[in-house]
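The values are calculated or read from the model by the stated rules, or taken from the named source; none is laboratory data. Computed from a predicted model, the values in this text were never measured in an experiment. Here the Cβ positions follow ideal geometry from the backbone for every residue, glycine too, while neighbour counts run over all protein chains shown. Accessible surface is based on the protein model in full, side chains and every heavy atom, while ligands, DNA and RNA are left aside. Shrake-Rupley method; radii C 1.70, N 1.55, O 1.52, S 1.80 Å.
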Amino acid sequence: MSWFEVLFKKRPSAVIAKERLSIILAHERRNRSGKDFIGALKEELIAVICKYTSVDKDALKVSLDRRDSIDVLTVDVVLPEGGLRRS
Amino acid sequence: MAKVIVVTSGKGGVGKTTTSASFATGLANRGKKTAVIDFDIGLRNLDLILGCERRVVYDFVNVIQGDAKLSQALVRDKHSENLSILAASQTKDKEALKEDGVKTVLDELNAMGFEYVICDSPAGIESGALMALRFADEALVVTNPEVSAVRDADRMLGLIEAKSLRSEQGRERVKEHLVITRYLPKRADKGEMLAHTDVAELLSLPILGLIPESEQVLDCSNQGVPVILANGSPVAQAYDDMVARFLGEDRPLRFTQPEATPLWKRLFGG
């Protein structure tokens, strides 16, 4: 490092890299534990609901969120006009 | 039982194949009967790095599909008599690698007396990469000191935990080692590059190999010679250290510090 760089020292980019990585890796590791099944769960839920009702596939929403310290599994079903009917 | 070691990274271009070739050559030159398998179906490359591309007749998929015997498909390495190579196929069908087929090949290699089987994984997290890590006993996770490569390496660690047979069967977990490539101690020293210690800390893995950036890597791949054979070069020494550590020797990390800079350069910048 030359004297010029020492005088006008900015934060080394490696420090920024390490900070950014520790945040994103911690976040991704948290999500990793057990979230793999969500895609499969979604597909199976949709298949079951479609099997017994005439609900349109696109009118179904399945999501897993985290609110504070609780995992919330939400299944939104928009019922067709005239209510449920076995297709 | 043959030890199965996957060389993986997630991100492409960080040195998986270079590392596989040098690691396998290093083991073989220490008298270990070693096989190295290219799992990158559709993009065969390992044969070129090891300089045996013109002797490949049958490939991995030929063996799995029963078109050739394993003994016909294995290419004996020209640099080391203890090393055999099983090339990837260039078929477009990436799904050709089936789990039972891969297992049959690994069992057969074991029966042939191979002590180490190195699985050179393709980049990405598709079926080829998952097949490469499926039967692993140990894993070399390769990364360079870039944020994207480190993140992908961490993702790979998660996949090893989730998708390896060892995890699934609740056996002792896959032993993971860190290999850092393209390391420039000078830039790390200036804070322009993640230090090797930072990478190891972020991934919570012990460093097995610290490979300095080197022009020798390209020079060797041009000639089809694994870079561990570039006698005396730092990168060859670093790979040799890596193999020795893997086999239980105690070798301190080298190439962690920049070479001394002359005084005038330190005063006026270089």
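Please verify whether region B:108-118 includes one or more residues that are closer than 23 Å to B:GLY13 by Cβ and open to solvent by less than 40 Å² (accessible area, probe 1.4 Å). For region B:108-118, residues closer than 23 Å to B:GLY13 by Cβ and open to solvent by less than 40 Å² (accessible area, probe 1.4 Å): present. The residues of region B:151-185 that are assigned to a loop (DSSP other than H, G, I, E, B) and not hydrophobic (A, V, I, L, M, F, W, C), listed by number, are B:SER164, B:GLN169, B:GLY170, B:ARG171, B:GLU172, B:ARG173. Going by the structure shown, is B:ARG151 open to solvent by 10 Å² or more (accessible area, probe 1.4 Å) and within 14 Å of chain A (Cβ to nearest Cβ)? In short, yes. Report, ordered by the first and then the second residue, all pairs with beta carbons closer than 9 Å, sequence separation of six or more or different chains, a first member in region B:222-247 that is on the phi > 0 side of the Ramachandran plot, and a second member that is of a type outside the set (D, E, K, R) and open to solvent by less than 60 Å² (accessible area, probe 1.4 Å). Pairs that qualify, where the first residue is on the phi > 0 side of the Ramachandran plot and the partner is of a type outside the set (D, E, K, R) and open to solvent by less than 60 Å² (accessible area, probe 1.4 Å), are B:GLY224/B:ILE49; B:GLY224/B:LEU50; B:GLY224/B:GLY51; B:GLY224/B:CYS52.
Scanning region B:5-35 for residues that are on the phi < 0 side of the Ramachandran plot and open to solvent by 10 Å² or more (accessible area, probe 1.4 Å) gives B:LYS11, B:GLY12, B:LYS16, B:THR17, B:THR18, B:ASN29, B:ARG30, B:LYS32, B:LYS33. Tally time: how many residues in region B:224-247 are exposed (fewer than 13 other Cβ atoms within 10 Å of the Cβ) and modelled with pLDDT under 95? Number satisfying all stated conditions: 2. Out of B:LEU184, B:LEU194, B:LEU203, one residue alone is open to solvent by less than 40 Å² (accessible area, probe 1.4 Å), within 12 Å of another protein chain (Cβ to nearest Cβ), more than 24 Å from B:ALA136 (Cα to Cα) and touching a residue at least 24 places away in the same chain (Cβ under 8 Å). It is B:LEU194. Quick check, is B:VAL147 more than 19 Å from B:VAL4 (Cβ to Cβ), more than 19 Å from the chain's Cα centre (by Cα) and at pLDDT 95 or above? Judged against the criteria, B:VAL147 is a match.
When the criteria are applied in full, B:LYS78 fails the requirement of being assigned to a helix (DSSP H, G or I) and either open to solvent by 70 Å² or more (accessible area, probe 1.4 Å) or under 24 Å from B:GLU126 (Cβ atoms) (or both). Under the condition of being surrounded by fewer than 20 Cβ atoms within 10 Å (Cβ to Cβ) and not in a loop (DSSP other than H, G, I, E, B), the residues counted in region B:38-61 number 4.
You will find that of B:GLY128, B:GLY124, the residue that is open to solvent by less than 50 Å² (accessible area, probe 1.4 Å), part of a loop (DSSP other than H, G, I, E, B) and over 21 Å from B:ALA200 (Cα atoms) is B:GLY124 and no other. Summed over region B:136-148, residues that are away from chain A (no Cβ under 14 Å) and in a loop (DSSP other than H, G, I, E, B) total 2.
Give, as residue ranges, the helices (runs of 4 or more DSSP H) completely inside chain A that count at least 3 residues that are within 14 Å of chain B (Cβ to nearest Cβ), modelled with pLDDT under 70 and at negative phi.
A:3-7
Could you pull out the residue among B:ALA68, B:ALA35, B:ALA28 that is in a strand (DSSP E or B) and over 12 Å from the mean Cα position of the chain (by Cα)? Every option except B:ALA35 fails the conditions. Using the structure shown, decide if B:SER9 is touching a Ser or Thr at 6+ places or on another chain (Cβ under 9 Å), among the polar types (S, T, N, Q) and more than 21 Å from B:ASP107 (Cα to Cα). It is true that B:SER9 is touching a Ser or Thr at 6+ places or on another chain (Cβ under 9 Å), among the polar types (S, T, N, Q) and more than 21 Å from B:ASP107 (Cα to Cα). Each residue in region B:79-113 was checked for being among the hydrophobic types (A, V, I, L, M, F, W, C) and over 20 Å from B:ALA24 (Cβ atoms), and 1 of them qualify.
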